[in-house]
Structures are given as structure tokens and as C-alpha cells.
């Protein structure tokens, strides 16, 4: 991670009428959170089962994890979601009934019918809710879920490795992350020391 690039914390409101929200989950080849899912099927090597369950499970959003972005408005930068923001996102997502809003590679014209988020939780050790197996290092407040994939085209893409994880899409409010002054001083000292040789 390039520590010189700015980090923007993405946020939404709790207002159900506000368009700032996650309204789709995309099935993608390279998840922005850099964590693939686990696919459970008798032909997959992830878990042995007695039947073709067609379930994909994994991290949907990781709390406080910088994700690199580059665009004409901000240039090169990182975005991240706090645990509080993820909680608001998930609650609004379910209140609005978006569980079947799934597409391929963030393409709005490639929506998958028959792919549904049926399990969802936010890790919270104080409530006894731990991260999903395989994601033990995920920060507290991360969102995990499982989808049932009844769509044959989507399942074929899972099985052949064309799609490897989840990626959320929606509208967000950008807030510059408050800079930790001690971390900034340490970085400045390291930079000075690296020049003295």
C-alpha cells in the first residue's frame, strides 16, 4: 500500500429513501477486497459433500481495509469502509430487499436470475460472531455471506474459475480519513532516515 496516497472513508446514511447504498453484489474474477470465496460443491476441492449444493460463501466487505482506486475526479487513492458504515450498508441492503440483486463483473445488463444471498452476518466477537472459516484474519465488523446459485450459467463460471469472489456496488459519500498524527510523524522520520546513508 502506498502510504502517500489519500484514503477516503466511504459512508451512507441510514435514511431508507437516500440513494447512498449498496444495491448490487457482483460476482467478479478479482474481488477488490482481494479475498476469494469458498465454493461448496462435490466437484470442488473446497469441501466434500454428498450433493451438489451450489453454495458460494465468503467475505463481501472487509472493515477498515484500503482498496485502491484511480479515476479522473480523485486521481490515485484508497477507499475503505468502517465497521459502523458496513452495519448501515447491510441493514439498508436487507430492508430494501436487494438479496437477489446479483450481476456479473458490475455489468448492469448481465444480471443473474436465480442467484440469491441467503446467509449474511457481520463479525462481532463481543456477540460470539466470528469471521467465516478461511477468513480468520478479517477485521471485526466485516460482512460475510453465502449465495445459492440456481443459475446454470453463473454456476458454470464459478466451477471454471471465471468468477472468484464478491464485490459490492452502490453510491457512497466520500470523507477524507483523519490522519493519525503519530503515524504521520513515524512515516516522516522513516523517510528522513532512509535518505541518511
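Suppose we filter 135, 144 for residues that are within 12 Å of the chain's Cα centre (by Cα) and farther than 26 Å from residue 6 by Cβ; which single one remains? Before you say what the answer is, go through the steps one by one.
On the way: 135 fails: within 12 Å of the chain's Cα centre (by Cα).
144 is the lone residue from the list that is within 12 Å of the chain's Cα centre (by Cα) and farther than 26 Å from residue 6 by Cβ.
Given 59, 80, which one is at pLDDT 90 or above and within 20 Å of residue 105 (Cβ to Cβ)?
Values: 80 fails: within 20 Å of residue 105 (Cβ to Cβ).
Sole residue among the options that is at pLDDT 90 or above and within 20 Å of residue 105 (Cβ to Cβ): 59.
Of all the residues that make up segment 39-56, how many are in a loop (DSSP other than H, G, I, E, B), in contact with a helix residue (DSSP H, G or I) (Cβ under 7 Å, 6 or more places away or on another chain) and at pLDDT 50 or above?
Result for segment 39-56: 1.
Filter segment 162-181 down to the residues that are modelled with pLDDT under 85 and either in contact with a helix residue (DSSP H, G or I) (Cβ under 7 Å, 6 or more places away or on another chain) or in a loop (DSSP other than H, G, I, E, B) (or both), then identify the one that is surrounded by the most Cβ atoms within 10 Å (Cβ to Cβ). I'd like the intermediate steps shown before the answer.
So the first thing to find is which residues in segment 162-181 are modelled with pLDDT under 85, and the list is 176-181.
If we keep only those that are either in contact with a helix residue (DSSP H, G or I) (Cβ under 7 Å, 6 or more places away or on another chain) or in a loop (DSSP other than H, G, I, E, B) (or both) as well, we get 177-180.
On the way: 177: 15, 178: 8, 179: 11, 180: 10.
By that ranking, first place goes to 177.
Considering only residues of segment 59-74 that are assigned to a loop (DSSP other than H, G, I, E, B) and touching a helix residue (DSSP H, G or I) at 6+ places or on another chain (Cβ under 8 Å), which is surrounded by the most Cβ atoms within 10 Å (Cβ to Cβ)?
63
In segment 83-115, what residues are part of a strand (DSSP E or B) and surrounded by 17 or more Cβ atoms within 10 Å (Cβ to Cβ)? So that I can check it myself, show each step before the final result.
Our first condition is that a residue be part of a strand (DSSP E or B); within segment 83-115, this holds for 102-104, 107-111, 115.
Selection gives 102, 103, 104, 115.
The values are calculated or read from the model by the stated rules, or taken from the named source; none is laboratory data. Everything numeric here is computed off the predicted structure, so don't read it as measured data. With ideal geometry, Cβ positions are generated from the backbone for all residues, glycine too; neighbour counts draw on all protein chains shown.
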